[in-house]
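Peer 1: Here it is, the structure, as structure tokens.
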Amino acid sequence: METVLVGPTPRIAVTYAGKGPVLLFLHGIRGNKRNWYGQLEAFSANFTAAAWDARGYGESDDYAGPLQFSDFSADVARVADHFGAQRLHLVGLSMGGRIARNVGLRFPERLHSLTLVATAPGFQRGRTPLPPEKLLGSRARAEAFAELSDSFTRVRQESYQKTLEASQAQDHGAPIESIRTPTLIIAGDEDQLYPPSVAREMARRIPGAELVMIEGAGHLPNLEQPGRFNEILADFLKRSFP
């Protein structure tokens, strides 16, 4: 795997492996690109599999002033430009899913496909952040807790707070009925943050969306059950884009 810093400022750190169509993974609000390393390895045989650190996270630059949530969508577009990808496959978890569906609404011409994981149409205000053990399902692999805890320790508090404030103020909901990109929704049936009913409602609202529920998974199915997660995503990509 290699890591590149995509400019201009704030520079976005992207780790990638393989060659082929770009498949970009977006982490959650207390995550980073390390959360997707199991996917980069699995998909690098057929794709340029890439994962970013959002601005203010991980190895990406901090930025001055408040965050506009739409900045994330523009950042996705410049990452695609860096890789010379007019279109890409986009996978987003939780906050990353909210970013991904915004890209689907703002830049539909840039997408081959959209995969929304453990996410919602808009940020739900007033929620107390859950500790790692509450975010994982009953069938999570043993390493998932340590990996998630490590992810939390790497969060830069100022950036996290700005992202939280932007989510609360600017991301109340989205007209997901207008998404026309082939869409897969993946959810854990034990997700305590966004219960299965949220995923089912999203699948109902997005035209032609597919829904797969992973048994025994919580809020981070890619970390908890990477084999099953990768199998579901690979099947969707193969069927949709043989």
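Peer 1: Would you confirm whether any residue within region 210-228 is open to solvent by 70 Å² or more (accessible area, probe 1.4 Å) and farther than 30 Å from GLY20 by Cα? Talk me through it step by step, then tell me what you get.
Peer 2: Keep residues of region 210-228 that are open to solvent by 70 Å² or more (accessible area, probe 1.4 Å), which gives 215, 228.
Narrowing further to those that are farther than 30 Å from GLY20 by Cα: 215.
Checked region 210-228: at least one residue is open to solvent by 70 Å² or more (accessible area, probe 1.4 Å) and farther than 30 Å from GLY20 by Cα.
Rundown of residues vs (1) more than 19 Å from GLY28 (Cα to Cα); (2) at pLDDT 95 or above; (3) not small (Gly, Ala, Ser), yes/no style:
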{"site": "GLU165", "(1), (2), (3)": "no, no, yes"}
{"site": "ALA169", "(1), (2), (3)": "no, no, no"}
{"site": "GLU177", "(1), (2), (3)": "yes, yes, yes"}
{"site": "PRO182", "(1), (2), (3)": "yes, yes, yes"}
{"site": "ARG204", "(1), (2), (3)": "yes, yes, yes"}
{"site": "PRO207", "(1), (2), (3)": "yes, yes, yes"}
{"site": "LEU211", "(1), (2), (3)": "yes, yes, yes"}
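Peer 1: Does region 190-204 include one or more residues that are in contact with a strand residue (DSSP E or B) (Cβ under 6 Å, 6 or more places away or on another chain), assigned to a loop (DSSP other than H, G, I, E, B), open to solvent by 30 Å² or more (accessible area, probe 1.4 Å) and among the acidic types (Asp, Glu)?
Peer 2: Checked against the condition, which is being in contact with a strand residue (DSSP E or B) (Cβ under 6 Å, 6 or more places away or on another chain), assigned to a loop (DSSP other than H, G, I, E, B), open to solvent by 30 Å² or more (accessible area, probe 1.4 Å) and among the acidic types (Asp, Glu), region 190-204 yields no hits at all.
Peer 1: Take the residues of region 82-109 that are in contact with a strand residue (DSSP E or B) (Cβ under 7 Å, 6 or more places away or on another chain) and assigned to a loop (DSSP other than H, G, I, E, B): which is least open to solvent (accessible area, probe 1.4 Å)?
Peer 2: ALA85
Peer 1: What single numbered condition from (1) β-branched (Val, Ile, Thr); (2) more than 26 Å from ALA144 (Cα to Cα); (3) over 16 Å from the mean Cα position of the chain (by Cα) fails to hold for VAL76?
Peer 2: In the conditions (1) β-branched (Val, Ile, Thr); (2) more than 26 Å from ALA144 (Cα to Cα); (3) over 16 Å from the mean Cα position of the chain (by Cα), VAL76 misses (3) alone.
Peer 1: Given the options ALA166, ALA144, ALA187, ALA174, name the one that is over 20 Å from ARG101 (Cα atoms) and either of a type in the set (Val, Ile, Thr) or touching a helix residue (DSSP H, G or I) at 6+ places or on another chain (Cβ under 9 Å) (or both).
Peer 2: Numbers: ALA166 fails: over 20 Å from ARG101 (Cα atoms); ALA187 fails: over 20 Å from ARG101 (Cα atoms); ALA174 fails: over 20 Å from ARG101 (Cα atoms).
Sole residue among the options that is over 20 Å from ARG101 (Cα atoms) and either of a type in the set (Val, Ile, Thr) or touching a helix residue (DSSP H, G or I) at 6+ places or on another chain (Cβ under 9 Å) (or both): ALA144.
The values are calculated or read from the model by the stated rules, or taken from the named source; none is laboratory data. All of these numbers come straight from a predicted model, not from anything done at the bench. Backbone-built Cβ (ideal geometry, glycine too); neighbour counts: all protein chains shown. Only protein heavy atoms, including side chains, enter the accessible area calculation; ligands, DNA and RNA are left aside. Shrake-Rupley method; radii C 1.70, N 1.55, O 1.52, S 1.80 Å.
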